[in-house]
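Single-structure report; data block below.
The values are calculated or read from the model by the stated rules, or taken from the named source; none is laboratory data. A quick note: this is a predicted structure, and the numbers were derived from the prediction, not measured. Don't worry about glycine lacking a Cβ; one is built from the backbone with ideal geometry, like all the others, and counts go over all protein chains shown.
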Amino acid sequence: MLSALPALRLTGAHVLRDGALRQRSVAVAEGLFTRGPLPVVDMSGYLVLPGIVDMNIGRVGVAWHGRADRVLREAGRAAAAAGVTTGHLVQGWSWASGAEAPEQAAALASALARTGAEGADLRLTLRCETHTVETATDLLALAGTGAAACVAFVNTLDDALATASTRPEDFAVSAACAGRSAEAHMDRIRTARKQQREVPRHLCRLAEAFDRLGIIYGSHGDPDGETRETFSMIGAKVCGDPASRAAAALARAVGDPVVLSADGLARGEATQQARLAMDLMRDGHCDALMSGDSGPCLAAAAFRLSDVGVMPLQEAWALISTRPAEILRLPDRGRIAPGRRADLVAIHAESRRIELTLSGGRITHLSGQARERLMAADLPRTMAAE
């Protein structure tokens, strides 16, 4: 594909700008959206939309261990092919150890820092179990390096106990993934539960540090309004993928952003969580969408919301570009406007295939007719082939 992009103007496409899809041109130079007469590339028949800002392009698991650089490069390329220009990898910080162990998070952060961007701009979100009091010092040390852009608190202890009781085979698999027997895993859960009295002070200590460091933090999978209220009171404002209507409603009532998983929406699934997400969307209890742990899916989700009449495409696309950029405090992203970072996606209007992704003015994905048009255009030959 091509990487270095000369100054140019995309014309003929329907461009999403200022909340409306209209036929207009988009100029790019030196990594930014700009104005002025520039060499033209005809993009008639395409939608040109702001680059996707995805707060969860996938959860990092055991697959990356020992080959982190390669896995991160592949993740960046896959995200770019899905239209993602800024993407967050999710890594656990858990009592469960295994792939979720704190030392694994530290190793991934180190790999992310040294791996050059070949696709999307990758960042790290830590999904931090609440009952990890003994690792607070390590977490704060890692946070102090700037390695983690976001932290999401989660408590899976009750779910783990329920799994042990009702689905022992699944519990045994979870234990094996953590590198221990089912009995040893249960002992670890009991040990974590003994920290219950220390957890509130632990979370407040973390919250105070995150505020000082400018780290965005929230919670993930809140089961009820009481849990969401508790997190909101300590400053964990972002309500990620709430597991109940009450949790989402509480967040909206106090002005906290609700970020729903688009996994089920994108595939039109009839699971309980997918139905909840669609209901929350229809009721206006959603500020942004993110992909789920299985990988980027936001473009498909935006088109589905438009197709089924929940909202127009321009509003759905704002949920995967403008709004997450605002939540993540990235003022240079999420919109097509002069002076902002040149992040965009060009989608073939008929096939809905993503054929061009620009991230900071670099071509991170190029295919189909968009490739043919760029190669045929009368542009300065400064683009480097890869």
Q: Could you pull out every one of the strands (runs of 3 or more DSSP E) wholly within the stretch 1-103 that has 2 or more residues that are over 15 Å from the mean Cα position of the chain (by Cα)?
A: 8-11, 14-17, 20-23, 26-29, 32-34, 40-42, 46-50
Q | Tally, over the stretch 228-264, of residues that are surrounded by fewer than 21 Cβ atoms within 10 Å (Cβ to Cβ), part of a helix (DSSP H, G or I) and not aliphatic (A, V, I, L, M) | A | 4
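Looking at the stretch 1-43, which of its residues are of a type in the set (Ser, Thr, Tyr), touching a residue at least 40 places away in the same chain (Cβ under 8 Å) and over 15 Å from residue 363 (Cα atoms)? Talk me through it step by step, then tell me what you get.
Narrowing the stretch 1-43 to residues of a type in the set (Ser, Thr, Tyr): 3, 11, 25, 34.
Checking the rest, the ones that are also touching a residue at least 40 places away in the same chain (Cβ under 8 Å) come to 3, 34.
Answer for the stretch 1-43, where residues must be of a type in the set (Ser, Thr, Tyr), touching a residue at least 40 places away in the same chain (Cβ under 8 Å) and over 15 Å from residue 363 (Cα atoms): just 34.
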Q.
Could you go through the stretch 361-380 and let me know if any residue there is surrounded by 16 or more Cβ atoms within 10 Å (Cβ to Cβ), within 21 Å of the chain's Cα centre (by Cα) and of a type in the set (S, T, N, Q).
A. yes
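In the stretch 153-162, what residues are farther than 12 Å from residue 206 by Cβ and either within 24 Å of the chain's Cα centre (by Cα) or without any contact (Cβ under 8 Å) to a residue 24 or more places away in the chain (or both)?
Narrowing the stretch 153-162 to residues farther than 12 Å from residue 206 by Cβ: 154-162.
154, 155, 156, 158, 159, 162 - these are the residues of the stretch 153-162 that are farther than 12 Å from residue 206 by Cβ and either within 24 Å of the chain's Cα centre (by Cα) or without any contact (Cβ under 8 Å) to a residue 24 or more places away in the chain (or both).
Residue by residue, here is whether (1) in contact with a His (Cβ under 9 Å, 6 or more places away or on another chain); (2) not assigned by TED's automatic domain parsing to the domain that holds residue 25 holds:
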| position | (1), (2) |
| --- | --- |
| 322 | no, yes |
| 340 | no, no |
| 345 | yes, no |
| 353 | no, no |
| 363 | no, no |
| 367 | no, no |
| 372 | no, no |
**Q.** Enumeration of residues in the stretch 171-199 that are assigned to a helix (DSSP H, G or I), under 22 Å from residue 231 (Cβ atoms) and touching a residue at least 12 places away in the same chain (Cβ under 8 Å)
**A.** 189, 192, 193, 196, 198, 199
Q: Pull up the stretch 272-323, narrow it to residues that are hydroxyl-bearing (Ser, Thr, Tyr) and closer than 25 Å to residue 91 by Cβ, then point me to the one that is surrounded by the fewest Cβ atoms within 10 Å (Cβ to Cβ).
A: 294
Q: Could you tell me which residue of the stretch 74-100 is farthest from residue 294 (Cα to Cα), considering only residues that are of a type in the set (A, V, I, L, M, F, W, C) and out of contact with any Pro (no Cβ under 8 Å at 6 or more places or on another chain)?
A: 95
